[in-house]
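The values are calculated or read from the model by the stated rules, or taken from the named source; none is laboratory data. Please read all numbers here as calculations on a predicted model, not as lab measurements. Ideal geometry is used to build each Cβ from the backbone, glycine not excepted, and the neighbour counts take in all protein chains shown. Just so you know, the surface numbers come from the protein's heavy atoms only, side chains and all, with ligands and any DNA or RNA stripped out. Shrake-Rupley method; radii C 1.70, N 1.55, O 1.52, S 1.80 Å.
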Amino acid sequence: MDRVSAPGRIRIAVIGCGNRGGDVYARHLAAQGAEITYLIEPRSGRLETVAARHGVPPQRQLRRWQDFFALGRVADAVVIASPDDQHVEACLAALELGYSVLLEKPIGLAEEQLDVLLDAEARSAGRVTVCHVLRTSPFFLAVEQVLRSGRLGQLVGITLAENVAFWHYAHSYVRGNWRASPPTAPFILAKSVHDLDVLRWLAAAPPLRVESQGGLHHFRPEHRPAEAADRCVECPVPCPYDARRFYRGRPEHEWPVAVLTAGGQSLEEALQHGPYGECVYLGKNNVPDHQAVNVTFANGVTAQLTSSAFTHNNTRTLKLLGSAGELRGQMETGEIEIHDFLSGEVQTRHTPTEGVHGGGDVGMVAAWLASLRGEASVLTPLSESLDSHRMAFAAERSRLGA
């Protein structure tokens with residue numbers, strides 16, 4: 001017999017039990033009082049692990065999202081954190097049943113899907129919240145507060161850098177799931193759509209023009225050292241991208257090592273046989289390792305975004321250029337400097353930095369639950385979230401000269 005949901009608790013179905021769905025959103029939702037009632041995941045080992053964590057019985061563990069939606073409306077809301085190419089189809093099915101959806105980015109892999117989803121939401125009782133988690137991080141909330149206070153005067157320009165970090169890029173975009181596009185999203189969409197959304201949010205206007213340059217500069221077979229082995233565990237060459245340096249000594253239950261061991265194998269087995277132990281110069285990746293994007297918004301604000309693998313820290317750095325002042329910030333440290341042109345004063349603030357995305361994941365889940373309870377409106381309308389994706393698709397066309 002099915003377990004009955006606790007009175008008053010929001011019942012959530014999670015489609016996709018990978019790192020984002022199973023380890024991030026499901027955990028935060030449960031910690032904030034929601035009940036995880038259905039799990040949908042094709043990998044049996046991963047499904048069982050997450051189900052045991054949340055007490056989801058076997059009859060509510062499904063392998064296919066189509067089978068879940070065939071049950072009708074059996075939950076209050078749905079998280080979609082399946083592979084990127086399944087997002088739109090699953091979200092359309094959810095909206096057809098009137099579900100509100102927390103949708104992991106990217107929304108989809110084709111620009112024409114954006115309007116299809118927007119039209120479907122307009123016909124549905126449900127609403128789609130895209131997981132643009134930087135909007136709920138204490139750092140960017142503080143930046144936005146300073147900007148809206150008027151202390152900087154008229155906003156003229158934004159400079160944002162996503163410092164991916166050399167080891168993170170190698171993990172996710174050389175060895176990991178996002179190393180080849182297609183079939184996955186382009187790098188600027190997969191990695192930096194959060195940043196494009198921040199630019200749209202701070203500029204407070206839709207984009208008018210987008211241009212971009214970039215490419216795969218380093219992680220190519222021609223840069224492979226002559227003595228390098230195909231796998232790091234067998235390689236005698238000193239290398240900054242040695243997988244043994246990345247993963248050994250890190251907690252196995254935490255990202256990024258948890259990605260390697262998610263299927264039940266040990267870390268050493270993964271390094272010896274899986275993609276995360278391969279040489280970064282094998283040529284199995286094709287996404288840019290350095291890309292710059294220029295955006296002009298409808299109100300005249302211009303913005304520059306640089307996303308690069310070739311950085312030490314995994315963080316974001318920011319400048320807001322205004323007629324009365326300048327703001328400088330560094331997300332990893334939580335430090336914000338405000339330079340006042342009239343007084344010459346410099347004010348320094350420090351924001352909390354705990355948690356993934358600087359605390360943005362926790363804040364995103366809290367904001368979504370508040371909207372489901374009717375305590376607040378949806379954090380960002382889908383129509384505005386789509387602008388970040390339109391910018392990403394335009395940037396990729398520009399980069400490729402299309």
**Item:** Filtered residues of the range 227-254 (kept if exposed (fewer than 15 other Cβ atoms within 10 Å of the Cβ), free of Cβ contacts under 8 Å to residues at least 12 places away in the same chain and either part of a loop (DSSP other than H, G, I, E, B) or of a type in the set (A, V, I, L, M) (or both))
**Value:** Glu227, Pro236, Pro238, Gly249, Arg250, Pro251, His253, Glu254
**Asked** Of all residues in the range 169-226, how many are touching a Lys or Arg at 6+ places or on another chain (Cβ under 9 Å), in a strand (DSSP E or B) and of a type in the set (Lys, Arg)?
**Response** 0
**Message:** Can you tell me which of (1) modelled with pLDDT of 95 or more; (2) within 19 Å of Pro381 (Cα to Cα); (3) surrounded by 21 or more Cβ atoms within 10 Å (Cβ to Cβ) is the one Val56 doesn't meet?
**Reply:** (2)
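Go over the candidates Glu375, Glu396, Glu354 one by one and state the one that is among the acidic types (Asp, Glu), out of contact with any Gly (no Cβ under 8 Å at 6 or more places or on another chain) and surrounded by 18 or more Cβ atoms within 10 Å (Cβ to Cβ).
Numbers: Glu375 fails: surrounded by 18 or more Cβ atoms within 10 Å (Cβ to Cβ); Glu354 fails: surrounded by 18 or more Cβ atoms within 10 Å (Cβ to Cβ).
Answer to the check: Glu396.
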**Complete:** The lone condition Gly150 fails out of (1) surrounded by fewer than 16 Cβ atoms within 10 Å (Cβ to Cβ); (2) over 29 Å from Gly358 (Cβ atoms) is (2)
**Request:** Determine which single condition Ala309 fails, assuming it passes every other condition in (1) under 28 Å from the mean Cα position of the chain (by Cα); (2) more than 17 Å from His168 (Cα to Cα).
**Result:** (2)
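If I ask for residues that are among the β-branched types (Val, Ile, Thr) and touching a strand residue (DSSP E or B) at 6+ places or on another chain (Cβ under 6 Å), which ones from the range 339-369 would you list?
Here is the first cut: in the range 339-369, the residues among the β-branched types (Val, Ile, Thr) are 346, 348, 351, 353, 356, 362, 365.
Residues satisfying the conditions are Val346, Thr348.
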**Fill in**
Cβ pairs under 9 Å, 6+ apart or interchain, first in the range 20-38 and within 24 Å of Pro106 (Cα to Cα) and open to solvent by less than 30 Å² (accessible area, probe 1.4 Å), second of a type in the set (Gly, Ala, Ser) and part of a helix (DSSP H, G or I), ordered by first then second residue, are Ile36/Ala26; Ile36/Ala30; Ile36/Ala51
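Might you let me know whether the range 159-167 holds any residue that is at pLDDT 95 or above, part of a helix (DSSP H, G or I) and out of contact with any strand residue (DSSP E or B) (no Cβ under 7 Å at 6 or more places or on another chain)? Break it down stepwise before answering.
First, the residues of the range 159-167 that are at pLDDT 95 or above: 159-167.
If we keep only those that are part of a helix (DSSP H, G or I) too, we end up with 166-167.
Within this subset, residues satisfying the condition of being out of contact with any strand residue (DSSP E or B) (no Cβ under 7 Å at 6 or more places or on another chain) are 166-167.
Yes, because at least one residue in the range 159-167 is at pLDDT 95 or above, part of a helix (DSSP H, G or I) and out of contact with any strand residue (DSSP E or B) (no Cβ under 7 Å at 6 or more places or on another chain).
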**Request:** Would you check which residues across the range 105-120 are open to solvent by less than 20 Å² (accessible area, probe 1.4 Å) and touching a Lys or Arg at 6+ places or on another chain (Cβ under 9 Å) and list them?
**Result:** Leu114
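Looking at Leu134, is it closer than 28 Å to Leu114 by Cα and either part of a loop (DSSP other than H, G, I, E, B) or out of contact with any Pro (no Cβ under 6 Å at 6 or more places or on another chain) (or both)? Outline the logic, then answer.
Values: closer than 28 Å to Leu114 by Cα: yes; either part of a loop (DSSP other than H, G, I, E, B) or out of contact with any Pro (no Cβ under 6 Å at 6 or more places or on another chain) (or both): yes.
Yes, satisfied.
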**Fill in**
Note on Ser124: of the conditions (1) over 21 Å from Ala303 (Cβ atoms); (2) open to solvent by 60 Å² or more (accessible area, probe 1.4 Å); (3) without any contact (Cβ under 8 Å) to a residue 40 or more places away in the chain, unmet is (2)
**Request:** Name every residue in the range 87-114 that is free of Cβ contacts under 8 Å to residues at least 40 places away in the same chain and assigned to a helix (DSSP H, G or I), in order of residue number.
**Result:** His87, Val88, Glu89, Cys91, Leu92, Ala93, Ala94, Leu95, Glu96, Glu112, Gln113
**Complete:** Output for Cβ contacts, cut-off 7 Å, separation at least six or different chains, first residue within 19 Å of Tyr169 (Cβ to Cβ) and assigned to a loop (DSSP other than H, G, I, E, B) in the range 268-284, second among the β-branched types (Val, Ile, Thr) and open to solvent by less than 30 Å² (accessible area, probe 1.4 Å), reads Val280/Val174
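Name every residue in the range 181-193 that is open to solvent by 10 Å² or more (accessible area, probe 1.4 Å) and modelled with pLDDT of 95 or more, in order of residue number. Write out each step before concluding.
Applying the first criterion (open to solvent by 10 Å² or more (accessible area, probe 1.4 Å)) to the range 181-193 yields 181-184, 186, 191.
Passing the criteria: none in range.
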**Number of positions in the range 318-347 that are open to solvent by 20 Å² or more (accessible area, probe 1.4 Å) and assigned to a strand (DSSP E or B)** = 11
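Evaluate the range 139-153: report whether one residue or more is in a helix (DSSP H, G or I) and of a type in the set (S, T, N, Q).
From the range 139-153, those in a helix (DSSP H, G or I) are 139-149; that's our starting set.
So of that shortlist, the ones also of a type in the set (S, T, N, Q) come out as 145, 149.
Yes, some residue in the range 139-153 is in a helix (DSSP H, G or I) and of a type in the set (S, T, N, Q).
Looking at Thr315, Thr311, Thr306, which is the one that is open to solvent by less than 20 Å² (accessible area, probe 1.4 Å), among the β-branched types (Val, Ile, Thr), closer than 20 Å to Ala165 by Cα and touching a strand residue (DSSP E or B) at 6+ places or on another chain (Cβ under 7 Å)?
Values: Thr311 fails: open to solvent by less than 20 Å² (accessible area, probe 1.4 Å); Thr306 fails: open to solvent by less than 20 Å² (accessible area, probe 1.4 Å).
Being open to solvent by less than 20 Å² (accessible area, probe 1.4 Å), among the β-branched types (Val, Ile, Thr), closer than 20 Å to Ala165 by Cα and touching a strand residue (DSSP E or B) at 6+ places or on another chain (Cβ under 7 Å) holds for just one of Thr315, Thr311, Thr306, which is Thr315.
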